[in-house]
Amino acid sequence: MHVSFHGAAREVTGSCHLVEIDGTRVLLDCGMIQGGGERHLRNREPFAFDVAALDAVVLSHAHIDHAGRLPLLLEAGYRGRVLTTAATASLCRILLADSAHIHEEDAKWKIKRLKKRGEDWRWVTPLFNAEQAAEAIDRLDPVDFGESRALGDDCRVRFVPAGHILGAAIVELDLRENGVRRRLAFSGDLGVDGARLVGRPQPVDCPDVLLIESTYGNRRREESGDRTELLHEIIRRTAARGGKVVIPSFAVGRTQEILARINDLVESGRLSGIPVYVDSPMAVAATQAFAMHPEAYSDQARRALRCGDRPLEFDGLVLTRSVEESMEINRRQGPAVIISASGMCTAGRIKHHLKHTISDARNTILFVGYQAQGSLGSLIRAGTDPVRIFGEWHPVRAAVEAVESFSAHADLGELLAWFGSLGGVPQRTFVVHGEEPAALGLVDELRAAFGARAEAPRLGQRCVID
Ligand code: ZN
């Protein structure tokens, strides 16, 4: 068996790994390379493997850093299917279409700028367009969690719940090489313990070869305490001042996890009379997709559903789509919760909400996710005052709070616990999907705690497994 690493090798984004066994070639994920500097230019480079020779593509989950280069793979000549869970297929519909829209807008903006300068603009094209995204979506072939599906004569695939976001899966490949059975497991992104809506990552049987993510491979979250209670306390305190809680949140995953917790507060009578707005067209679409896929919920959420409690429907919840509805929220007086994107406050409607609320001491800005260095979110979180929004300076009078444990990624302790749940030590472990210090950190921990033969492969490395 050969495994080669074509992305997310000593970095977080661009997940893309090729498994070759006898005559079968399976690609795990085909994600976009994201992040600052020149990194994104690599998305335009040709794939470093024979795309037409692939037998199948298997997708762990819908995040763009795992699925975002699928349209380019088709463009490069891939003619086969893309196997994934039904919930991931639904979310891909939203995320790939949104990604195409961003690339088209970027290209338009670049052309406008070049035209203004009188320079040649004809070379500018979007990374992919809406049509190409739609073609990729057409190739998605949903497989149920737990179902074993053949990918050619010598390979079967099975999806196991990974928590993280709706539909996210650990991918198990059951392979046959020269008549010998070999198993490979790819963790995809692993979720956190106690996620309300999607549950925790499930164990798999110990594989011969493991690919494990390491986003937080060198970090343990310090915070303790029940996330629902932390959220309740912040809403309660702010409402007592007559203020609004403004939550910048990623549209897919984080927003729904927070809604499920507010749902618990409302259904148990601990929170009432406070409207909760989800103000982001993508978050609204994602919330509807979540509602369509209870098969991908945690046991707790499924039990509640059987008792008639839909986790994403409660009194006071308002999903807004139009700009007029969005503006109406800012005119409204009194306590409210406003959840809006983007999660790092770099774009989207959240910037309007911040502009209207950040200088009023009654309000709270609540961060629930990672804030990349330099983003507006990171500045506010770090206590910068005043901050610039849409070119104007605003004093920060609102309270600024953060609940870190809403992260969708397992921390070091949770990664080690999941590895321990395999019930054995894989023959080889490849640590992927983490910046270099995080990947190497997890390598050291796995060697020390389990005596694992762990390594962090480099980009383009092809490893022989005998
Ligand atoms: Zn992810």
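The values are calculated or read from the model by the stated rules, or taken from the named source; none is laboratory data. In this text the structure is predicted, and so the values were computed from the model without any measurement. Neighbour counts run over all protein chains shown; Cβ positions are idealised from the backbone, glycine included. Just the protein is used for accessible areas: all its heavy atoms, side chains included, with ligands, DNA and RNA removed. Shrake-Rupley method; radii C 1.70, N 1.55, O 1.52, S 1.80 Å.
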What helices (runs of 4 or more DSSP H), lying completely within segment 251-339, carry at least 1 residues that are within 20 Å of residue 363 (Cα to Cα) and among the β-branched types (Val, Ile, Thr)?
254-267, 323-331
I'd like to know if segment 411-422 contains one or more residues that are in contact with a helix residue (DSSP H, G or I) (Cβ under 8 Å, 6 or more places away or on another chain) and part of a strand (DSSP E or B).
no
Subset of segment 374-391 [aliphatic (A, V, I, L, M) and open to solvent by less than 60 Å² (accessible area, probe 1.4 Å)]
376, 380, 387, 389
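This table checks each residue for (1) buried (at least 24 other Cβ atoms within 10 Å of the Cβ); (2) within 16 Å of the ligand (Cβ to nearest atom); (3) not in a loop (DSSP other than H, G, I, E, B).
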| residue | (1), (2), (3) |
| --- | --- |
| 160 | no, yes, yes |
| 163 | yes, yes, no |
| 171 | yes, yes, yes |
| 182 | no, no, yes |
| 191 | yes, yes, no |
| 196 | no, no, no |
| 217 | yes, yes, no |
Test residue 390 against the criterion of being aromatic (Phe, Trp, Tyr) and assigned by TED's automatic domain parsing to the domain that holds residue 451, and give yes or no.
no
Here the residues within segment 228-254 that are closer than 25 Å to residue 372 by Cα and open to solvent by 40 Å² or more (accessible area, probe 1.4 Å) are 230, 250
Kindly evaluate residue 264 against the criterion of being surrounded by fewer than 24 Cβ atoms within 10 Å (Cβ to Cβ) and in contact (Cβ under 8 Å) with a residue 24 or more places away in the chain.
yes
